Amino acid sequence: SMKDVFLYIADTYGSHANQNVEFGGDALPRLSMNARRTMTTMCAELSAEFATFEPDQILLDYVRARNPAAFEEQYPDNDAKYLYRRSIDLSAMEPLVALPDTVLNNSQKVGDVCGTKINQAFIGSCANGTLDDFAAAAEVLRGNKVSSDVRLIITPGTQNIYLEALRRGYVEILMEAGAIVTNATCGACGGGHLGILAEGESCITASTRNFKGRMGDPESKVFMGSPATVAASAIKGTIADPREIIG
């Protein structure tokens with residue numbers, strides 16, 4: 001998922017303070033708007049000034065459907081100078097998990113941390129509370145049950161996302177598996193309510209940040225993974241590879 005791609009970028013290249021990040025390439029036509037939202041939102045965790053995607057038909061159709069005013073799409077100049085040009089082979093990506101306290105230079109392959117006990121699993125936030133994320137969680141949880149030792153909390157990014165997830169049956173699948181589906185809010189992401197961690201507890205989250213004390217007690221631990229990884233971990237009761245469940 002794009003969460004895994006972000007964790008790869010954060011782990012491999014670290015901070016992008018005082019820089020702007022631009023995404024393009026052959027993979028664009030296969031990236032949904034929600035995937036792009038996840039990536040651009042998460043770039044704040046790189047300390048990037050801003051993040052953009054090259055215009056393609058998916059992006060232009062999306063904007064035109066919501067903006068009746070005429071506009072001129074902007075493309076990078078052919079002779080544009082970049083500080084770095086980086087190529088990432090998306091077919092080589094695999095699930096990653098960021099270890100607690102930072103996403104920068106701090107991720108491991110999910111197989112290297114499988115078996116780490118968790119008390120809570122969270123899917124939500126501005127980065128990963130999209131309809132795509134509900135669909136990914138439902139795919140993993142369909143026909144499965146959340147471990148009795150884990151609180152799985154799923155929070156939509158907006159009320160419209162919640163309504164569409166209801167229409168598509170995702171919420172029913174998630175709740176039948178034992179998840180708690182909340183109203184649209186930042187929720188557990190900011191450690192304000194709906195999933196505050198106690199001292200010594202561990203959580204794997206598909207939200208924006210895993211800083212010390214971000215989701216509650218400063219002695220708690222926050223790991224970060226994709227919605228699919230979070231859902232699989234909720235089933236196992238420990239950090240788990242979603243490929244073991246969905247292939």
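The values are calculated or read from the model by the stated rules, or taken from the named source; none is laboratory data. Here the structure is a predicted model, which means the values were calculated and not measured. Note that we place each Cβ from the backbone using ideal geometry, even for glycine, and neighbour counts take in every protein chain shown. Accessible surface is based on the protein model in full, side chains and every heavy atom, while ligands, DNA and RNA are left aside. Shrake-Rupley method; radii C 1.70, N 1.55, O 1.52, S 1.80 Å.
Considering only residues of region 66-104 that are open to solvent by less than 80 Å² (accessible area, probe 1.4 Å) and among the small types (G, A, S), which is farthest from M39 (Cα to Cα)?
A69
Are any residues in region 203-230 part of a strand (DSSP E or B) and more than 14 Å from L152 (Cβ to Cβ), and if so, which ones? Give the derivation first.
Narrowing region 203-230 to residues part of a strand (DSSP E or B): 203-206, 216, 221-224.
Those that are part of a strand (DSSP E or B) and more than 14 Å from L152 (Cβ to Cβ): G216, K221, V222, F223, M224.
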Every pair of residues 6+ apart whose Cβ atoms lie under 8 Å, when the first sits in region 87-99 and is assigned to a loop (DSSP other than H, G, I, E, B) while the second is loosely packed, with under 14 Cβ neighbours inside 10 Å = S87/G25; E94/K109; P95/K109
task = Tell me which residues, restricted to region 149-163, are in contact (Cβ under 8 Å) with a residue 24 or more places away in the chain and either surrounded by 14 or more Cβ atoms within 10 Å (Cβ to Cβ) or not acidic (D, E) (or both).
result = V150, R151, L152, I153, I154, T155, P156, G157, T158, Q159, I161
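Given the criteria modelled with pLDDT under 95, open to solvent by 60 Å² or more (accessible area, probe 1.4 Å) and either over 29 Å from I235 (Cβ atoms) or not hydroxyl-bearing (S, T, Y) (or both), does R142 qualify?
Working: modelled with pLDDT under 95: no; open to solvent by 60 Å² or more (accessible area, probe 1.4 Å): yes; either over 29 Å from I235 (Cβ atoms) or not hydroxyl-bearing (S, T, Y) (or both): yes.
For R142, the condition - modelled with pLDDT under 95, open to solvent by 60 Å² or more (accessible area, probe 1.4 Å) and either over 29 Å from I235 (Cβ atoms) or not hydroxyl-bearing (S, T, Y) (or both) - is not met.
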query = What are the residues in region 171-184 that are within 21 Å of the chain's Cα centre (by Cα) and assigned to a helix (DSSP H, G or I), if any?
reply = V171, I173, L174, M175, A177
inquiry  = Could you tell me how many of the residues in region 105-124 are assigned to a helix (DSSP H, G or I) and either loosely packed, with under 11 Cβ neighbours inside 10 Å or touching a Pro at 6+ places or on another chain (Cβ under 7 Å) (or both)?
reply    = 1
inquiry  = Quick check on this structure: which one of L131, L174 is in contact with a strand residue (DSSP E or B) (Cβ under 6 Å, 6 or more places away or on another chain) and either open to solvent by less than 20 Å² (accessible area, probe 1.4 Å) or in contact (Cβ under 8 Å) with a residue 60 or more places away in the chain (or both)?
reply    = L174
inquiry  = Suppose we filter P55, P29, P68 for residues that are in contact with an Asp or Glu (Cβ under 7 Å, 6 or more places away or on another chain), on the phi < 0 side of the Ramachandran plot and free of Cβ contacts under 8 Å to residues at least 24 places away in the same chain; which single one remains?
reply    = P55
Which numbered condition A188 misses (of (1) more than 26 Å from C43 (Cβ to Cβ); (2) assigned to a helix (DSSP H, G or I); (3) touching a residue at least 12 places away in the same chain (Cβ under 8 Å)) = (1)
query = G200 passes all but one of (1) small (G, A, S); (2) assigned to a helix (DSSP H, G or I); (3) out of contact with any helix residue (DSSP H, G or I) (no Cβ under 8 Å at 6 or more places or on another chain); which number fails?
reply = (2)
note = Condition set under 18 Å from the mean Cα position of the chain (by Cα) and open to solvent by 10 Å² or more (accessible area, probe 1.4 Å), scope region 209-221, selection nearest to A44 (Cα to Cα): answer is R209
